[in-house]
1. Could you pull out the residue among Val225, Val217 that is of a type outside the set (Lys, Arg) and under 30 Å from the mean Cα position of the chain (by Cα)?
2. Please go through region 56-86 and give me each residue that is under 16 Å from Gly110 (Cα atoms) and β-branched (Val, Ile, Thr), ordered by number.
3. Limited to region 431-458, what total is found for residues that are under 25 Å from the mean Cα position of the chain (by Cα) and in a loop (DSSP other than H, G, I, E, B)?
4. Consider region 416-430. How many of its residues are more than 16 Å from Thr396 (Cβ to Cβ) and either within 23 Å of the chain's Cα centre (by Cα) or in contact (Cβ under 8 Å) with a residue 60 or more places away in the chain (or both)?
5. Can you go through Arg109, Arg188 and tell me which one is within 16 Å of the ligand (Cβ to nearest atom), surrounded by 17 or more Cβ atoms within 10 Å (Cβ to Cβ), in contact (Cβ under 8 Å) with a residue 24 or more places away in the chain and basic (Lys, Arg)?
6. Only helices (runs of 4 or more DSSP H) wholly contained in region 49-168 count here; list those with 1 or more residues that are closer than 30 Å to Gln36 by Cα.
7. Hey, among Gly407, Gly385, which residue is part of a loop (DSSP other than H, G, I, E, B) and out of contact with any helix residue (DSSP H, G or I) (no Cβ under 8 Å at 6 or more places or on another chain)?
Amino acid sequence: MNRRWLIGAVTVAGLVTATMAVNLVQAGAATQTLHQLAAAKGKYFGSATDNGELSDTAYTAVLGGGEFGQTTPGNSMKWDATEPTRGTFSFTRGDAIVSFAQAHNMTVRGHTLVWHSQLPSWVGSLPAAEVQPAMVNHITQVATHFKGKVVAWDVVNEPFNEDGTYRATPFYNAMGSAYIATALRAARAADPDAKLYVNDYNTDGLGAKSDAMYNLVKQLKADGVPIDGVGFQAHLAIQYGFPSQMQQNLQRFADLGVDVAITELDVRMVLPRDATKDATQATYYSNVVKACVAVTRCVGVTIWDYTDKYSWVPSVFSGQGAALPWDENLQKKPTAYNAIVTALGGTVESPSASPSSSTSSSPPPAGACTATYRIVNSWPGGFQGEVVVANPAGRTGWTVTWTFANGQQVSQLWNGTVSQSGATVTVRNAAWNGTGTVTFGFLASWNGTNTAPVPTCA
Ligand code: XIL
């Protein structure tokens, strides 16, 4: 994806006049993907995913298209997925996500070995003396299977209550807090190369719960227990405020000699979305990413899927949603997305360079432009399209419109700004390519028939 953007930008660079050079610099910077920007800072930017979504080709075009260098299976490596009945293991779903990741240059965080939730009932029914051997066997089997395929494991997930006391899980009830050290040691024995994490939510800022995590990690280090990192889920909600002193909190863990990672970031709001909530959400995204950037041992940021289409939020937090940087139509939300780009040190086009303002301040368009549509490449469920726009001399902006006949949906577009309403697609020039002959490209979904529409240009 990014390579195509760059090629597109270079093509445009060859066609426009030298006076556009400043805009081209801005446009070129904006085409850096989130992961490229993070990688330039020695970190990753990732997105969770799940098996069902992998058959949505418009979705996978973005997931594997370069924005993300890491993924976490949202459900497929959990206990209920991997050992639904005692001693019977299933790795099919986890393997599918690993394959996708490997095919798209993404690392995988394993999630999660020991957790009270999504835990088959047989574990909770075991006599106390059998819980430890069952837990160690589970860790050993799962971590051995995925050895070499995951870079990290959330070995223990969500061990604490809100007040910092230990959560009374089947593991805690059988073994006390020592289950955490036992689990970490079993994971290390099974996969010595994976980074071993404890992961929790509402530990993102300073507070009783993060103090408890801090004390646990300090003790584990003192006891020589293998612990490499602490995961901060960062499931945030704009109506509850931003976590207190997040950067300082991450830093105090780093100072204990462990890595830290933002593992499940999303920023939900009470629906419906509006511009004010979007702006607040963007500052939350920015603050989290900036906190990670500022802490050397923060290895990366994972958002808990990238699109509202597949967010867990609406099903769990009634009336809430819109938590991710891409909307339910797989379109980037400019506010949240640009905030992340900026926090990662990237550049986005300044509003003053936006197509609408430059168009309105320009002389009226001279003569009609033409647009030629073609399908470049097509595969089951998805296709890449391209439109060549020819502008007569004197024209400084263009708008191309077409109507899809078969329910096609644009998911990504480069070298222009797109909106799709129902079947109608409208594409306007980017800040730097309003003149001359211009090519823009896009990815879209299709099913059954993929009739090429005849676009109009104005
Ligand atoms: C969520 C998944 O996203 C949902 O699909 C599933 O129904 C419930 O679990 N903390 C975690 C994640 O560590 O595993 C959870 O994932 C979200 C909260």
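1. Going through Val225, Val217 in turn, the sole match is Val217.
2. Across region 56-86, the qualifying residues are Thr71, Thr72, Thr82.
3. Summing the residues that are under 25 Å from the mean Cα position of the chain (by Cα) and in a loop (DSSP other than H, G, I, E, B) in region 431-458 gives 1.
4. Residues flagged as more than 16 Å from Thr396 (Cβ to Cβ) and either within 23 Å of the chain's Cα centre (by Cα) or in contact (Cβ under 8 Å) with a residue 60 or more places away in the chain (or both) within region 416-430 amount to 3.
5. Arg109
6. Ranges flagged: 57-63, 92-103, 128-145.
7. Of the residues listed, the single one that is part of a loop (DSSP other than H, G, I, E, B) and out of contact with any helix residue (DSSP H, G or I) (no Cβ under 8 Å at 6 or more places or on another chain) is Gly407.
To keep it simple, each residue is scored yes or no on (1) free of Cβ contacts under 8 Å to residues at least 40 places away in the same chain; (2) closer than 30 Å to Thr280 by Cβ; (3) crowded, with 18+ Cβ neighbours inside 10 Å; (4) more than 16 Å from the ligand (Cβ to nearest atom).
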residue	(1), (2), (3), (4)
Leu184	no, no, yes, yes
Ala194	no, no, yes, yes
Tyr197	no, yes, yes, no
Ala208	no, yes, no, yes
Ala212	no, yes, yes, yes
Gly224	yes, no, no, yes
Val230	yes, yes, yes, no
His235	no, yes, yes, no
Ser244	yes, yes, no, yes
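We did not get these values from a lab; they are worked out from the coordinates using the rules stated. Only a predicted model underlies this, so the values are computations on that prediction, with no experimental measurement involved. Virtual Cβ from ideal backbone geometry, glycine too; neighbours counted across all protein chains shown.
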